[in-house]
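Working notes for the structure below.
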Amino acid sequence: MKVLITNIKELVQVRNKGENLVAGNAMKALPTIKNAYLLIDNDRIANYGIMNECSNITYDQIIDVSGKLVLPTWCDSHSHIVYAGNREQEFVDRINGLSYEEIANRGGGILNSAKMLELTDEDELFNQSIKRVKEVIKMGTGILEIKSGYGLSLESELKMLRVIKRIKTAVPIMIKATFLGAHALPFNFKNKRTAYIDHIINDMLPLIHRENLADFIDVFCEKDYFNLEDTARLLIAGKGYGLLPKIHVNQFNAFGGVALAVKHGALSVDHLEELNAEDINALKGSKTIPVALPSCSFFLGIPYTPARSLMDAGLPLALATDYNPGSTPSGNMNFVVSTACIKMKMTPEEAINAATINGAYAMGCAQDYGSISIGKKANLIITKNIPSYNYFPYAFGENHIEQVLINGRIFN
Ligand code: NIG
Ligand code: FE
């Protein structure tokens, strides 16, 4: 089946040199073709170019998109979209003066979500989560990473990962699964952190491996959660089962977690709201990509990841949602892109690069996703009639997406 998209006002993020990420100054450039066509063959991009050159092309279906832009779908490399219930009460508590940390110290926060998840059966957890996944696809997300981490027991972590596996088969987008057993210390391991890490390594990881439930391993490397030594043990153990590290680090405190992650070959380091010169130096020359989560900063009122310092140091940067019930109850990548421009002073070109090709790199999937390139998956956003790609982040809070194509087919 060949689908020809014609009269594209601007085809955005066109790359044909096999790039799998863009870094530093190169992020300022967003290659486009004005007045373009794009040919899809089954689920992949088969060709593209200027309109004048498409007259001899044969096709089964034609879609005329006069006045509209076409972009690759967003690549959201960090989410906790599988969860039970919500934490709206904590939202109100924070408005009334409590901090995220204070709420967590009272047994709220991640442990609150773990309690709700334990009481929710697998089918119900799937039903609650798949609804959110479909919503984010409609908002333009075409590849999504999902973490466990609200289980914190063997049974509940497996329940979460099995739900993620079911989601993989229930939607047409690519889903990557991350095991985050070390998200918080569960109540029954209070003051027994080492024992909990032993439990993860000796009991959880082998089963997760046997059922092939995860692609990556994550740790919340943070004061009052897991320290450098814990993180190193978990990353080494995870790698033993073929799970590449992608870690939560420097959300509230910077104490060497970035260098540790780089040393262990992490694919990404995520959050980085607190970042110092040593962290930036550790990232230079590595294959580890920093990931910023601006809607988390927005929601919690914490600093934004210093995107300019990272890019000025020649580093790449990816943008993701962090969709979760506590710090970011939103999976809207359009909002992430706008917020990155408005609050982190990223240009629209930088933000779109960070939310597409660099997001794909942060999931190890840039060979198939993240740009308009021949042979990549035909996962596309068709916009409404808008003047330019700048308008996308500029007119924030408005839906600029008319249609989303996943594997060459309209998603609805
Ligand atoms: O990425 N920081 C750790 N984990 C999540 C929040 C988890 C929660 O509050 O439920 C995050 O922000
Ligand atoms: Fe997170």
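Do we have any residue at all in region 202-214 that's modelled with pLDDT of 95 or more and either within 16 Å of ligand 2 (Cβ to nearest atom) or on the phi > 0 side of the Ramachandran plot (or both)?
Taking every residue of region 202-214 in turn, at least one turns out to be modelled with pLDDT of 95 or more and either within 16 Å of ligand 2 (Cβ to nearest atom) or on the phi > 0 side of the Ramachandran plot (or both).
Output the strands (runs of 3 or more DSSP E) that fall wholly within region 15-108 and possess 3 or more residues being among the hydrophobic types (A, V, I, L, M, F, W, C), or say none. Before you say what the answer is, go through the steps one by one.
Values: elements: 32-41, 44-50, 61-64, 68-72, 74-76.
Those strands (runs of 3 or more DSSP E) span 32-41, 44-50, 68-72.
Checking the structure you have, find out if any residue of region 247-258 is closer than 27 Å to residue 86 by Cβ, surrounded by fewer than 18 Cβ atoms within 10 Å (Cβ to Cβ) and within 13 Å of ligand 2 (Cβ to nearest atom).
Scanning region 247-258 turns up at least one residue that is closer than 27 Å to residue 86 by Cβ, surrounded by fewer than 18 Cβ atoms within 10 Å (Cβ to Cβ) and within 13 Å of ligand 2 (Cβ to nearest atom).
With the structure loaded, tell me whether residue 134 is without any contact (Cβ under 8 Å) to a residue 40 or more places away in the chain, closer than 19 Å to residue 379 by Cβ, more than 16 Å from ligand 2 (Cβ to nearest atom) and of a type in the set (Lys, Arg) or whether it fails that test.
On the way: without any contact (Cβ under 8 Å) to a residue 40 or more places away in the chain: yes; closer than 19 Å to residue 379 by Cβ: yes; more than 16 Å from ligand 2 (Cβ to nearest atom): yes; of a type in the set (Lys, Arg): yes.
Criteria met by residue 134.
Quick check: anything in region 328-346 more than 24 Å from residue 300 (Cβ to Cβ), small (Gly, Ala, Ser) and either modelled with pLDDT of 95 or more or within 16 Å of ligand 1 (Cβ to nearest atom) (or both)?
At the first step, the residues of region 328-346 found to be more than 24 Å from residue 300 (Cβ to Cβ) are none.
The answer is no; no qualifying residue exists.
Read through the list (1) within 14 Å of ligand 2 (Cβ to nearest atom); (2) over 16 Å from residue 344 (Cα atoms); (3) surrounded by fewer than 24 Cβ atoms within 10 Å (Cβ to Cβ); (4) small (Gly, Ala, Ser), then give the number of the only condition that residue 314 fails.
Single failed check for residue 314: (1).
Just one of the numbered conditions (1) buried (at least 16 other Cβ atoms within 10 Å of the Cβ); (2) not in a helix (DSSP H, G or I) is not true of residue 159; which one?
The number of the failed condition is (2).
Go through region 320-343 and give me each residue that's touching a Leu at 6+ places or on another chain (Cβ under 8 Å) and closer than 19 Å to residue 251 by Cα. Explain how you work it out, then say what you get.
The first filter runs over region 320-343 and keeps only residues touching a Leu at 6+ places or on another chain (Cβ under 8 Å), leaving 320-322, 327-328, 333, 336-337, 340.
Answer for region 320-343, where residues must be touching a Leu at 6+ places or on another chain (Cβ under 8 Å) and closer than 19 Å to residue 251 by Cα: 320, 321, 322, 327, 328, 336, 340.
Condition first: part of a helix (DSSP H, G or I), of a type outside the set (A, V, I, L, M) and farther than 16 Å from residue 247 by Cβ. Now tell me which residues in region 280-322 satisfy that. Spell out how you get there, then give the answer.
The first filter runs over region 280-322 and keeps only residues part of a helix (DSSP H, G or I), leaving 280-283, 294-300, 307-312.
From the residues that got through so far, the ones that are of a type outside the set (A, V, I, L, M) too are 281, 294-299, 308-309, 312.
Hits for region 280-322 are 281, 294, 295, 297, 298, 299, 308, 309, 312.
Give region 260-296 a look and list any residue that's out of contact with any helix residue (DSSP H, G or I) (no Cβ under 7 Å at 6 or more places or on another chain), within 14 Å of ligand 1 (Cβ to nearest atom) and of a type in the set (S, T, N, Q), or say none.
Passing the criteria: only 268.
The values are calculated or read from the model by the stated rules, or taken from the named source; none is laboratory data. Worth saying up front: this structure is predicted, and the values here are computed from it rather than measured. Methodologically, a virtual Cβ is constructed for each residue, glycine included, from the backbone with ideal geometry; neighbour enumeration extends over all protein chains shown.
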